[in-house]
1. Excluding same-chain residues fewer than 8 positions from Lys86, which lysines have a Cα within less than 16 Å of its Cα?
2. Return the subset of Lys43/Lys103; Lys22/Lys43; Lys87/Lys111 for which the Cα-Cα distance in this structure is over 27 Å, preserving the input order.
3. By how many nm would the segment from Lys22 to Glu106 lengthen if fully extended, with 0.36 nm per residue of separation less the alpha-carbon distance?
4. Could you work out how far apart the two model spin labels at Asp29 and Arg62 are, taking each label as a point 7 Å from the Cα in the direction of the beta carbon, and quote it in nm?
5. Kirkwood hydrodynamic radius of region 34-83 from all distinct Cα pairs, in Å?
6. Would you mind classifying region 51-118 by shape? Square roots of the alpha carbon gyration tensor eigenvalues, ordered a ≥ b ≥ c; an a/c under 1.5 is rounded, otherwise it is prolate if a/b is larger than b/c and oblate if not.
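None of the figures in this text is laboratory data; all of them are computed from the coordinates on show. On a predicted model such as this, the values are computed, not experimentally measured, just so you know. We place every Cβ from the backbone using ideal geometry, glycine too, and count neighbours over all the protein chains shown.
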Amino acid sequence: MCVRDLSFVVAIYRNVSAMSGKEDLISVDYEIYGRVQGVFFRKYTQAEGKRLGLTGWVQNTREGTVRGQLQGPGSRVREMQEWLRKKGSPKSQIAKAEFSNEKKVESLDHKDFRIVRP
């Protein structure tokens with residue numbers, strides 16, 4: 001089997017795993033920098049997290065950033081990470097997105113996606 005065939009098999013396995021609900025659950029913390037306060041960033045983040053079926057939380061920090069945690073199937077968490085990196089709320093200006101403490105989890109720690117007050 002050549003490398004291209006192996007890559008194809010891996011891609012098929014990932015798609016089947018995601019569709020069958022057997023995809024690994026992951027948890028990742030995030031912090032977003034830029035113009036992210038006073039522009040409904042938390043509200044849009046909560047809505048996007050819910051749309052993707054993720055659980056977690058989002059909050060403003062005293063330093064002017066937004067931070068939180070995402071939990072759910074790996075592919076959905078990756079989609080949310082891209083949204084946090086590049087899109088955000090309509091009036092936000094994202095300068096940098098940092099992700100840390102990524103790990104596989106057996107179950108979700110949160111019941112929904114909520115906005116937390118500092």
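1. The qualifying lysines are Lys96.
2. Details: Lys43/Lys103 25 Å; Lys22/Lys43 30 Å; Lys87/Lys111 25 Å.
Over 27 Å Cα-Cα: Lys22/Lys43.
3. Values: separation 84, 0.36 × 84 = 30.24 nm, distance 1.14 nm.
Answer, rounded to one decimal: 29.1 nm.
4. 1.7 nm
5. Working: mean 1/r = 0.0895 Å⁻¹.
Computed over region 34-83, the radius equals 11.2 Å.
6. On the way: a/c = 1.74, a/b = 1.38, b/c = 1.26.
Prolate is the answer for region 51-118, as a/c is 1.5 or above and a/b outweighs b/c.
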